[in-house]
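Down below is the structure, laid out as structure tokens.
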Amino acid sequence: MKDISVIIVNWNTKTLLRNCLNSVIEQTQKHSYEIWVVDNNSPDKSADMVRDEFPQVKLIANDTNNGFAKANNQALKLSEARYHLLLNPDTIVIENAIDKMVDYMDQSKTHVLTSKLLNDDRTLQKSVSSFFSLSGSFLENRFFSEILKNFNSKGQNLMSYWDHNSIREIDWAHGAVLMMSDEAFRKVGLLDERFYIYAEEMDYYMRFRKAGYKAIYHPEIQIIHYGKSSSRQRRGEMFIMNYKSFYLFLKKHYDSYVYPVYRTRTVIYIHFWLLKYGAEYLFRKITGGNYEEAQVQLKVYSQLLHWHFSGESRISL
């Protein structure tokens, strides 16, 4: 059995994936590992690149885009290792990060671990959040952002105000880097495939918490993350997917009243953003300014509003 099974789900990020794989191989020298790449039918021929350039990598080439959760599960069902690392293709492993993760988990008996994320200029990329709270969601705006940091509230984004420079237990981290012990994986199980993309990592961390496993953030273990490279290619569609997954998360883990209240709050906020970007679009167009971004945002929020009033937005468990 290998020490680590590195699992990378890819869609249409061939160059980033190549760089990621090279970094894993170059920076993982101490512990034994296997690498799985699950390609979700990328049109950029990512799968061919893996076959040609990385014959040691175990490739699963899907005929369709199976989404993040299902694709990870395809590899998790086949992987055999003491630890399983879910790693985004838009990451670069530096300073033997994977070896350090295994060392720390072995020494501390940690079962769920994430690293510090860095932007490509090596500045901090804040990645840790508290679990959702309904009260906190109403305060998540620019007006309250400075007030919130002075209170020990459990607002979803409160931990973004923490400096990310100490080892600590966390609620959840955005899913670019997640290492779990085989014990924790066997107890908690596969990712929930009802989450096509987004919120699946939040759901996974919640399930680890409910199963009795603490999630630990380690700032001295660092990985570069470029961020949402594949989802940017389908902006409006991914925005809707984000809400669909988050609503499922609320219905799965919270009291029954939370979902309808939060959904109503969201529809109200969408109208606010439509007014904001509509005014910005008209002003910039009249004054000869650059209105393209405002136009894009108008389209995205219009699509989101339409989705909320369509039958497709109904969420069931």
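The values are calculated or read from the model by the stated rules, or taken from the named source; none is laboratory data. Computed from a predicted model, the values in this text were never measured in an experiment. A quick note on method: Cβ atoms are made from the backbone with ideal geometry, for glycine too, and the neighbour counts reach across all protein chains shown.
Any residue in segment 22-39 that is part of a strand (DSSP E or B) and free of Cβ contacts under 8 Å to residues at least 24 places away in the same chain? Even if it seems obvious, please write down each step before you answer.
As a first pass, look at segment 22-39 and keep what is part of a strand (DSSP E or B): 33-39.
Next cut, free of Cβ contacts under 8 Å to residues at least 24 places away in the same chain only: none.
Looking for residues that are part of a strand (DSSP E or B) and free of Cβ contacts under 8 Å to residues at least 24 places away in the same chain, one finds none in segment 22-39, hence no.
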- request: State whether the residues of segment 264-287 include one that is surrounded by fewer than 12 Cβ atoms within 10 Å (Cβ to Cβ) and among the acidic types (Asp, Glu).
  value: no
field: Those residues of segment 18-56 which are under 21 Å from the mean Cα position of the chain (by Cα) and among the charged types (D, E, K, R), in sequence order
entry: Arg18, Asp39
field: The lone exception for Leu59 - which of (1) without any contact (Cβ under 8 Å) to a residue 60 or more places away in the chain; (2) within 19 Å of the chain's Cα centre (by Cα); (3) closer than 13 Å to Val6 by Cα it fails
entry: (2)
query: Any residue at all in segment 8-31 that is surrounded by fewer than 21 Cβ atoms within 10 Å (Cβ to Cβ), farther than 21 Å from Ala173 by Cα and touching a Leu at 6+ places or on another chain (Cβ under 8 Å)?
result: no
- prompt: Within segment 66-86, which residues are surrounded by 18 or more Cβ atoms within 10 Å (Cβ to Cβ), in contact (Cβ under 8 Å) with a residue 40 or more places away in the chain and either in a loop (DSSP other than H, G, I, E, B) or not assigned by TED's automatic domain parsing to the domain that holds Asp106 (or both)?
  reply: Ser79
- prompt: With (1) touching a Ser or Thr at 6+ places or on another chain (Cβ under 9 Å); (2) at negative phi as the list, and Lys77 as the residue in question, which single condition is left unmet?
  reply: (1)
Only one of Asp39, Asp44, Asp90, Asp63 that is farther than 18 Å from Leu178 by Cβ, among the acidic types (Asp, Glu) and surrounded by 19 or more Cβ atoms within 10 Å (Cβ to Cβ): Asp39
field: For Ala75: the one exception among (1) within 21 Å of the chain's Cα centre (by Cα); (2) under 18 Å from Gln222 (Cα atoms); (3) modelled with pLDDT of 95 or more
entry: (2)
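What about Ser245, is it over 23 Å from Leu317 (Cβ atoms), small (Gly, Ala, Ser) and at pLDDT below 95? Steps first, answer last, please.
Values: over 23 Å from Leu317 (Cβ atoms): no; small (Gly, Ala, Ser): yes; at pLDDT below 95: yes.
Answer is no for this residue.
Working only within segment 50-59, note down all residues that are in contact with a Leu (Cβ under 9 Å, 6 or more places away or on another chain) and either within 24 Å of His174 (Cβ to Cβ) or surrounded by fewer than 13 Cβ atoms within 10 Å (Cβ to Cβ) (or both). It would help to see each step written out before you state the result.
Within segment 50-59, the first condition is being in contact with a Leu (Cβ under 9 Å, 6 or more places away or on another chain), and the residues that meet it are 50-51, 53-54, 57-58.
Of everything in segment 50-59, just one residue is in contact with a Leu (Cβ under 9 Å, 6 or more places away or on another chain) and either within 24 Å of His174 (Cβ to Cβ) or surrounded by fewer than 13 Cβ atoms within 10 Å (Cβ to Cβ) (or both), namely Glu53.
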query: So which residues in segment 179-202 are of a type in the set (A, V, I, L, M, F, W, C) and in a loop (DSSP other than H, G, I, E, B), if there are any at all?
result: Leu190, Leu191, Phe195, Ile197, Ala199
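Restricting to helices (runs of 4 or more DSSP H) lying wholly in segment 231-317: which have 3 or more residues that are within 18 Å of Ile197 (Cβ to Cβ)?
Values: elements: 235-253, 258-287, 292-308.
Where helices (runs of 4 or more DSSP H) fall fully within segment 231-317 and carry at least 3 residues being within 18 Å of Ile197 (Cβ to Cβ), they are 235-253, 292-308.
Sort through Gly278, Gly288, Gly236 and tell me the only one that's of a type outside the set (S, T, N, Q), at positive phi and not assigned by TED's automatic domain parsing to the domain that holds Phe68.
Details: Gly278 fails: at positive phi; Gly236 fails: at positive phi.
Of Gly278, Gly288, Gly236, the one residue that is of a type outside the set (S, T, N, Q), at positive phi and not assigned by TED's automatic domain parsing to the domain that holds Phe68 is Gly288.
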